[in-house]
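Okay, structure first, notes after.
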Amino acid sequence: MQRPIDLRSDTVTLPTEQMLRAMATAELGDDVYGEDPTVRRLEEVAAQRAGKEAALFVPTGTMGNAVAVLTHTRRGQEIIVGVDAHIYDAEAGGLAVLAGLLARPLECPCGRLEPAVVEAALRPDDVHFARTGLLCLENPHNAAGGVAVPATEIRATAEVARRNGLPVHLDAARLFNAAVALGVDPVELTAPADSVMFCLSKGLCAPVGSLLAGTAEFIAEARRNRKMLGGGMRQAGVLAAAGLVALETMVDRLAEDHANAQALAQGLAELPGLEVDAESVQTNMVYVGTGLAPAAGLVEALKARGVLINAVGAGRVRFVTHKDVDREAVARVLTAASEIQG
Ligand code: TLP
């Protein structure tokens, strides 16, 4: 029996040999004392790649987002966010529980928060209202299909916040997927935001780790909030070492994952009973509607044929391509799916 083809997420990727070697030989110290040279190096490289003054290494994207909102806002404020943004929809209510925020979830068609819609959601200065404290954008937008939102559109939405003195946080868990898909430097996408979070542990294949980047002042305060959440790690250089290799070696190859996702989408679109918009697939995610058939049925039937995917609703599933899924694996997935749908 062959190993299953795991398309549940790009988070399932295993570290490369080069990462494991770097981890084994990393120079280490106690990072809470600021003495881990490998973490420091990663934070410097990450800040540079994100075009910000400073960066902070955090264990997960979820913690990076939580630290960001804690650092930008005060309890009782409102955060403007897309209704299906990860930070609102898939981070266990951290906005409310940890940061004491009210969410102002807005429709976000195709991963875009329209400037006029954001403008209309801003609270006037009135004692009845919570103060608007933060605008959060996501790019690529996961639930919208991994779509990469161009810099011009991010800038236009962020500009509304800027004009109104509101900080902007960008959840760019898959920042480099967006940059590769759009053919731009990541800095173009991050520039409109005050802070940005990106992950090393997804398509870049590091085992653990994300970065939060922003001004030096913001990151100094974020460091305190990370400690409060229990994210002050000691010899974290053992993880940062893999992150450095991820940034050095794994960014350009994301284009392969995108091409494989496109091939998968086109193949699935030909099968009866599946709803796929191959044209909208820009990065490494393929969301598929299962029509009237329950998504769980397709998940189980594919699992029986050695293909793992996730249901993301009663009638919707997600396939995610990554380093450990090559073109031959895509062909096997399509064969398995055609046996079921045929
Ligand atoms: N996303 C995971 C799941 O939680 C859905 C995945 O498999 O896609 N922001 C965005 C846009 C994300 O997609 C994710 C993870 C996170 C934040 C959180 O990152 P982690 O998993 O490191 O906490």
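Go through (1) over 19 Å from Ser195 (Cβ atoms); (2) crowded, with 22+ Cβ neighbours inside 10 Å and name the single condition Ala46 misses.
(1)
Specify which of the listed residues (Asn260, Asn284) is closer than 22 Å to Phe176 by Cβ and more than 16 Å from the ligand (Cβ to nearest atom).
Asn260
As an exercise: evaluate Arg49 against (1) within 16 Å of the ligand (Cβ to nearest atom); (2) touching a Leu at 6+ places or on another chain (Cβ under 9 Å); (3) not polar (S, T, N, Q) and give the number of the one condition it does not meet.
Answer for Arg49: the failing condition is (1).
Can you name the residue in the stretch 100-132 that is small (Gly, Ala, Ser) and surrounded by fewer than 22 Cβ atoms within 10 Å (Cβ to Cβ) and is also nearest to the ligand (Cβ to nearest atom) among such residues?
Top of the filtered list is Ala103.
Considering every residue within the stretch 183-192, establish whether at least one is within 20 Å of Val281 (Cβ to Cβ), within 14 Å of the ligand (Cβ to nearest atom) and out of contact with any Ser or Thr (no Cβ under 9 Å at 6 or more places or on another chain).
The answer is yes; a qualifying residue exists.
Residue pairs, Cβ under 9 Å, 6 or more apart or interchain, first in the stretch 77-104 and under 26 Å from Val147 (Cβ atoms), second near the ligand (Cβ under 10 Å from one of its atoms) and hydroxyl-bearing (Ser, Thr, Tyr). List them.
Pairs that qualify, where the first residue is under 26 Å from Val147 (Cβ atoms) and the partner is near the ligand (Cβ under 10 Å from one of its atoms) and hydroxyl-bearing (Ser, Thr, Tyr), are His86/Thr62; Ile87/Thr62; Ala90/Thr62; Glu91/Thr62; Ala92/Thr62; Gly94/Thr62.
Filter the stretch 58-86 down to residues that are within 11 Å of the ligand (Cβ to nearest atom) and in a strand (DSSP E or B) and give me whichever is surrounded by the fewest Cβ atoms within 10 Å (Cβ to Cβ).
Residue satisfying both the conditions and the ranking: Gly82.
Hey, can you tell me all the residues within the stretch 193-215 that are in a strand (DSSP E or B) and within 10 Å of the ligand (Cβ to nearest atom)?
If the condition is that a residue be in a strand (DSSP E or B) and within 10 Å of the ligand (Cβ to nearest atom), then Met197, Phe198, Cys199, Ser210 are the ones that fit.
Determine which member of the set Met250, Met233, Met228 is in contact (Cβ under 8 Å) with a residue 60 or more places away in the chain and in contact with a strand residue (DSSP E or B) (Cβ under 9 Å, 6 or more places away or on another chain).
Met233
When you scan the stretch 192-203, do you find a residue that is in contact with a Cys (Cβ under 6 Å, 6 or more places away or on another chain), under 22 Å from Leu70 (Cα atoms) and at pLDDT 95 or above, even just one?
no
Taking the stretch 166-182 as the region of interest, how many residues are of a type in the set (A, V, I, L, M), within 11 Å of the ligand (Cβ to nearest atom) and within 16 Å of Leu212 (Cβ to Cβ)?
Number of matching residues: 4.
The values are calculated or read from the model by the stated rules, or taken from the named source; none is laboratory data. Because the structure is predicted, anything quoted here is derived from the model rather than measured. For neighbour counting, all protein chains shown are included, and Cβ atoms are generated from backbone atoms with ideal geometry for every residue, glycine included.
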